[in-house]
Amino acid sequence: MENNTVHSAIRKYNQDKTRLMDILIEIQDNENHISDDAVRIISEKLGLSIVDVEQTISFYHFLSKESLGKYTIYLNNSVISNMKGRQIVAETFENEAGCKFGEVTEDGIIGLFDTACIGMSDQEPAALINGSVFIHLTSFRVKKIVRDMRAGKDVKKMHTSYLGDGQNKSEYLNSVVRNNIMRMGPVLSDDYNPGTIIMKNLAQLTPEQVIEEIKTSNIRGRGGAGFPTGLKWEFCRKAKGDKKYVLCNADEGEPGTFKDRVILTERPKLLFEGMVIAGYSIGATEGILYLRYEYKYLKHYLENILEEAREKNLLGKDIGGIKGFNFDIRIQLGAGAYICGEESALIESAEGKRGEPRDRPPFPVEKGYNDCPTVVNNVETLCSVVKIMLNGGEWYSSLGTRESTGTKILSISGDCRYPGIYEVEWGLSINEMLDMVGATDIQAVQVGGPSGSLIGPEEFDRILCYSDLATGGSLMIFNNKRYLLKDVVLNFTEFFIEESCGSCVPCRSMTPLLKQKLEKILNGNGVANDLEDLPKWGELMKINRCGLGHTAANPILTSLKNFRHLYEEKLERGKEYETGFNLEQAVSESCEATKRVPDF
Amino acid sequence: MSKPVIATATLAGCFGCHMSILDIDEKILDLIELVEFNKSPIDDIKNFTKKCDIGLIEGGCCNSENVHVLKDFRKNCNTLISLGECAIMGGLPACRNPIPIKECLEEAYLNGPSVKGHNESGIIPNDDEIPMMLDKVYPCHEIVKIDYFLPGCPPSAELIWNALTALITGNEMELPYEVIKFD
Ligand SMILES: Cc1cc2nc3c(=O)[nH]c(=O)nc-3n(C[C@H](O)[C@H](O)[C@H](O)COP(=O)(O)O)c2cc1C
Ligand code: SF4
Ligand code: SF4
Ligand code: FES
C-alpha cells in the first residue's frame, strides 16, 4: 500500500530530484508520515543520498518521519490566535482527544501540533486539519470536530453547514475561510476583465516598453523588501541565460499577513496575468507560483484557473496571438517554513531542497531558479503590474506619496472592530488606520509583522511609506489590556527561533540568548545591566546572511526602544548583577528521578 | 605591596585547562614569584584561607557541588575568570543538555548496554553524599557574574599567561592571532 504511494509519487514527477518536495508532500499527505522505507526508495530512484532526503524532510514543519495521526491538527500559536482564545481551544483539543500538543493519540487517530501563523489572523483561532482550514474555533466546535474524527468523517465534510464568502464557497474551494475585504482600491477592484492586457495591449508593446512603463510607475516590491520592480525586471531582461523564470512568492509567512491569500482566492486571474506580463518582459518561458503549504486548499482551484487560461490562450504557446511568446505556469507547494519566503531560500525550495538562503551576490536576477536568471515577485506586486499596464505608469505614480507610489493592501488584525484587508494609498497614518478599522484604547501597533517594529501612541502620527513605516502589510493592533512583553514580544522571538534555518551563528544562537534574557527580566530577575546588554548583543545580528536573522531581534529591540518603561518596571532594584539561576528548580528533576529529597 | 592571590577550581571540566596552566613551562617559576596560590588543585589547598584577587574556573556546572564551589569563588575572588569552553559554554558535558536528565540517568544506570540486566534493584545512586545533578550543564556566567572569558579548549598556556600578567600589571592584554586561533 504505502510503497505504491511512494512509487506512484516518484513516477508522477518523473524521478526528477528537483521535484523532491512534491514527492515528499504527496507521500506525507497520503501516509501521514514518510517512512524509512520511503526514504530509501526515494533516494535510490532519484539518485540522492539517504541524508539528502532526510535533511529535506527534517527541514520542513509539515513533513515528518513519524506518523502524525490519521487526522493531523495544526493549531495556530501566533500572537493573534492567542489573543482570540487559543488557550481554551487547545485545552479542549487535548481533553477531547486524550493527548497533549506534540503527540498523537495511542490509537493513532488524532495528532495535535502547533504551527506558526497560517494566514488567518482575521479569523482566529484557526487550525489546519489534513490541509483543510478551520476558523473561529471555540471549545464547542472543537468537541464536535473531535467527535467527527472519531467517527471517521472526511475533513471536507466536517463543515458543510456554513461556508465562507466569495469564491471560498465555490465548488472547487468549499472552504469556510472568509475574505473580509474591507476596502478595495484600484488593484483589488473588480471592474477589470482579466486577460484584457494580454489580448489587447501586449502585442503592441516591446518588452522594453513594458519595463519602461513599470519604471515610470515607480512601483516597489510589495513583499517587504521594496526593491523597484521595473529595475529588477530590467536586470533580469539584460542577464545572460537561455532560459529565464518568473517566480511568484506566495509564501506569505510573515505573521499577521493574509492579503495574498485573499488575492489568490478572489483575483487569481489578475495574478497570473501579471506573471505572464513579467514573463513577456524578461523573456521567460516558465513561471512558478510558490504556494505555502498552509494554502494548499487553494491548489486545485488555482490549477483549474490555469487550465482555463490555457484554453483561452492566456497561457501556453503564442500567447495572445504573439508569435513565439510561450509561457506556462506551474504551482510549487511549500511544506511549512517561513524562511522559504526569502527569495533565494524560495528558489532552493522550489528546486526541491532545504530552504536555506543562498549567499548573494549573485542575485536571482542573474542566477536564480536552476541557476537561470529569475525574477521573484510578490503576489500583490504582480497584480499591481496589470493595473499599471491598464492605466499607465503616470497614473499609478500619481497615487500614494511622491516616493512611495500607488496603493498597499494591508492585512489588519488584533484588537479592532473590523479586521480584514484594506487597500489604501501609501501615506496613511497609523491614527487614520486605527480610525479606519474601529480601534480604540490602543497601546501599541506592530507594523510590518514580527520583523518590523512595535510602536506606541506617540508615534501614531507616522505614516505608512517606504521612508517612514515600511511594511509588507501586516498590522497587528494591541489594546491597553495586553501584556506586550510576554504575549507579543516573547511570542515573536520564539517564532524567529523556531524558523531560523540555522546556518548563521548569531541567528541560531543569539536569538535564543536574547530570549533567555527577556525571560529573565519577565521573571523578575533582570537588572539595569541587562537593558544595556540587549541592544549591544542585538548589534551582532547584522552579520547574519539573510533578512530573517537581520530582523530576528527586532521584537526585543524595538519594544525596548519604544516601551522601555515596561522593561524598567520589571527590574530588580539596587542589584548590579543577577543571573536568575535557581538551584532548587535545577535539581528537582534529577532528585525526582533518583527518589531523593533535595537538601541544600 | 603583597603578591596578588590566585585561586583555581575545576568544575565540570576534564582538567585540561589546568594542564594548560601548567603548560607555561618554566614560566611557572616566574608566576610563583609574581603571585601566591590559594585554594587550588595546584597546591591542594581545599578551602579559602583569605580573600583572593583572581579566580580561574575550569568547567561549567553540572551538579549542586559545582554551584556551591562557584558561588564560593565568586564570594572570595575579586575577579573571576571563565577558563576554557566548558566554563564559557558548557563544552562537551553540555552535549547532554538536549536530553532530559531523567533519561540520562536511566540510560546510565538502568538501560544502557553495559548495565542492562546488572542492576537488579533498579536503583539510581542517590546517597546524600553524592551531589545532586542539575537539569542541564550550565555555563558559569549563567550562575554567577563572570568578569572575563578566556576561550579555547583548552586556552593556550600563552593566553592564560598573557591574561594573568595583564591583570596583575594593569597593562592591556596582548592578543596576537596565534594565541586565540584554535586549529
Ligand atoms: C525571512 C523572509 C521572509 C520573506 N517572506 C516573504 C513572503 O512571504 N512573501 C514575499 O512576497 N516576500 C517575502 N520576503 C521578501 C522576498 O525575499 C523578496 O524580497 C520578495 O518576494 C520580492 O518580491 P517583491 O519585489 O515583489 O516584493 C521575505 C524575506 C525574508 C528575508
Ligand atoms: S540569517 Fe538565519 S535564517 Fe537567514 S540564512 Fe542565516 S541562519 Fe538562516
Ligand atoms: S575546555 Fe576543554 S580542556 Fe578545558 S575542561 Fe573543557 S574539555 Fe577540558
Ligand atoms: S562547526 Fe562546530 S564550532 Fe564551528
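The values are calculated or read from the model by the stated rules, or taken from the named source; none is laboratory data. Quick caveat, the model's predicted, so the values are computed rather than measured. Reconstructed Cβ throughout: ideal geometry from the backbone, glycine too, with neighbour counts over all protein chains shown.
Of the residues making up the range A:515-533, none is within 16 Å of ligand 1 (Cβ to nearest atom), outside the structural domain of residue A:342 (by TED's automatic domain parsing) and under 20 Å from residue A:454 (Cβ atoms). With respect to residue A:356, determine if the residue is part of a loop (DSSP other than H, G, I, E, B) and surrounded by fewer than 23 Cβ atoms within 10 Å (Cβ to Cβ). It is true that residue A:356 is part of a loop (DSSP other than H, G, I, E, B) and surrounded by fewer than 23 Cβ atoms within 10 Å (Cβ to Cβ). Name the residues in the range A:451-479 that are touching a strand residue (DSSP E or B) at 6+ places or on another chain (Cβ under 6 Å) and in a loop (DSSP other than H, G, I, E, B), would you? Within the range A:451-479, A:456, A:461, A:462, A:471, A:473 meet the criteria.
Residue count for the range B:15-60 satisfying the condition of being surrounded by 14 or more Cβ atoms within 10 Å (Cβ to Cβ), in contact (Cβ under 8 Å) with a residue 40 or more places away in the chain and either within 16 Å of ligand 2 (Cβ to nearest atom) or more than 22 Å from residue B:86 (Cβ to Cβ) (or both): 6. Kindly check whether there is at least one residue in the range A:39-58 that is under 22 Å from residue A:90 (Cα atoms) and surrounded by fewer than 21 Cβ atoms within 10 Å (Cβ to Cβ). Scanning the range A:39-58, I find no residue that is under 22 Å from residue A:90 (Cα atoms) and surrounded by fewer than 21 Cβ atoms within 10 Å (Cβ to Cβ), so the answer is no.
Where strands (runs of 3 or more DSSP E) fall entirely within the range B:64-183, none has at least 2 residues that are within 30 Å of residue A:597 (Cα to Cα) and more than 10 Å from every other protein chain (Cβ to nearest Cβ). Please work out if residue A:515 is assigned to a loop (DSSP other than H, G, I, E, B), of a type in the set (Lys, Arg) and either within 14 Å of chain B (Cβ to nearest Cβ) or within 16 Å of ligand 3 (Cβ to nearest atom) (or both). It is false that residue A:515 is assigned to a loop (DSSP other than H, G, I, E, B), of a type in the set (Lys, Arg) and either within 14 Å of chain B (Cβ to nearest Cβ) or within 16 Å of ligand 3 (Cβ to nearest atom) (or both). Only one of these is surrounded by fewer than 24 Cβ atoms within 10 Å (Cβ to Cβ) and part of a helix (DSSP H, G or I): A:279, A:230. Name it. Result of the check over A:279, A:230: A:230.
Condition check ((1) within 16 Å of ligand 2 (Cβ to nearest atom); (2) β-branched (Val, Ile, Thr); (3) touching a Leu at 6+ places or on another chain (Cβ under 8 Å); (4) within 14 Å of chain B (Cβ to nearest Cβ)) across all residues:
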{"site": "A:224", "(1), (2), (3), (4)": "yes, no, no, no"}
{"site": "A:241", "(1), (2), (3), (4)": "no, no, no, no"}
{"site": "A:244", "(1), (2), (3), (4)": "no, no, no, no"}
{"site": "A:251", "(1), (2), (3), (4)": "yes, no, yes, no"}
{"site": "A:265", "(1), (2), (3), (4)": "no, yes, yes, no"}
{"site": "A:279", "(1), (2), (3), (4)": "no, no, no, no"}
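For residue A:187, state whether it is assigned by TED's automatic domain parsing to the domain that holds residue A:277, modelled with pLDDT of 95 or more, surrounded by 21 or more Cβ atoms within 10 Å (Cβ to Cβ) and touching a strand residue (DSSP E or B) at 6+ places or on another chain (Cβ under 7 Å). For residue A:187, the condition - assigned by TED's automatic domain parsing to the domain that holds residue A:277, modelled with pLDDT of 95 or more, surrounded by 21 or more Cβ atoms within 10 Å (Cβ to Cβ) and touching a strand residue (DSSP E or B) at 6+ places or on another chain (Cβ under 7 Å) - is met.
Among the residues of the range A:514-545, those identified as more than 22 Å from residue A:562 (Cβ to Cβ) and either within 10 Å of ligand 2 (Cβ to nearest atom) or surrounded by 15 or more Cβ atoms within 10 Å (Cβ to Cβ) (or both) are A:525, A:543, A:544, A:545. Scanning the range A:546-562 for residues that are buried (at least 19 other Cβ atoms within 10 Å of the Cβ) and either on the phi > 0 side of the Ramachandran plot or of a type outside the set (S, T, N, Q) (or both) gives A:546, A:548, A:549, A:552, A:553, A:555, A:556, A:557, A:560. For the range A:561-571, state whether one or more residues are within 16 Å of ligand 2 (Cβ to nearest atom), in contact (Cβ under 8 Å) with a residue 12 or more places away in the chain and assigned by TED's automatic domain parsing to the domain that holds residue A:508. So far as the range A:561-571 goes, no, none of its residues is within 16 Å of ligand 2 (Cβ to nearest atom), in contact (Cβ under 8 Å) with a residue 12 or more places away in the chain and assigned by TED's automatic domain parsing to the domain that holds residue A:508. When the range A:435-449 is limited to residues that are at negative phi and assigned to a loop (DSSP other than H, G, I, E, B), the one that is surrounded by the fewest Cβ atoms within 10 Å (Cβ to Cβ) turns out to be A:440.
Table: residues versus (1) in contact (Cβ under 8 Å) with a residue 12 or more places away in the chain; (2) of a type in the set (Phe, Trp, Tyr); (3) surrounded by fewer than 14 Cβ atoms within 10 Å (Cβ to Cβ).
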site: B:68; (1), (2), (3): no, no, no
site: B:79; (1), (2), (3): yes, no, no
site: B:85; (1), (2), (3): yes, no, no
site: B:89; (1), (2), (3): yes, no, no
site: B:102; (1), (2), (3): no, no, no
site: B:115; (1), (2), (3): no, no, yes
site: B:118; (1), (2), (3): no, no, yes
site: B:121; (1), (2), (3): no, no, yes
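Counting only helices (runs of 4 or more DSSP H) wholly contained in the range A:25-108, the ones carrying 1 or more residues that are within 30 Å of residue A:479 (Cα to Cα) and free of Cβ contacts under 8 Å to residues at least 60 places away in the same chain occupy A:79-83, A:86-97.
Per the conditions (1) more than 14 Å from ligand 1 (Cβ to nearest atom); (2) farther than 21 Å from residue A:545 by Cβ; (3) not in a helix (DSSP H, G or I), the sole criterion not satisfied by residue A:411 is (1). Starting from residues that are under 21 Å from residue A:559 (Cα atoms) and over 23 Å from the mean Cα position of the chain (by Cα), keep the ones in the range A:393-432 and report whichever is surrounded by the most Cβ atoms within 10 Å (Cβ to Cβ). Among residues in the range A:393-432 that are under 21 Å from residue A:559 (Cα atoms) and over 23 Å from the mean Cα position of the chain (by Cα), the one surrounded by the most Cβ atoms within 10 Å (Cβ to Cβ) is A:430. Among the residues of this structure, residue A:118 counts as one that is of a type in the set (Val, Ile, Thr), outside any helix (DSSP H, G or I) and modelled with pLDDT of 95 or more. Would you mind stating whether residue A:207 is surrounded by fewer than 24 Cβ atoms within 10 Å (Cβ to Cβ), within 22 Å of residue A:404 (Cβ to Cβ) and not aliphatic (A, V, I, L, M)? So residue A:207 does not fit the description; no.
Residues of the range A:158-175 that are modelled with pLDDT of 95 or more and either in contact with a Cys (Cβ under 8 Å, 6 or more places away or on another chain) or among the β-branched types (Val, Ile, Thr) (or both): none at all. Taking the conditions exactly as written (surrounded by fewer than 19 Cβ atoms within 10 Å (Cβ to Cβ), within 20 Å of the chain's Cα centre (by Cα), assigned to a helix (DSSP H, G or I) and not assigned by TED's automatic domain parsing to the domain that holds residue A:258), does residue A:494 satisfy them or not? Taking the combined requirement at face value, the residue satisfies it. Scanning the range A:555-574 turns up no residue that is within 11 Å of chain B (Cβ to nearest Cβ) and modelled with pLDDT under 95. In the set A:264, A:247, A:270, only one residue is modelled with pLDDT of 95 or more, more than 18 Å from the chain's Cα centre (by Cα) and not β-branched (Val, Ile, Thr); that residue is A:270.
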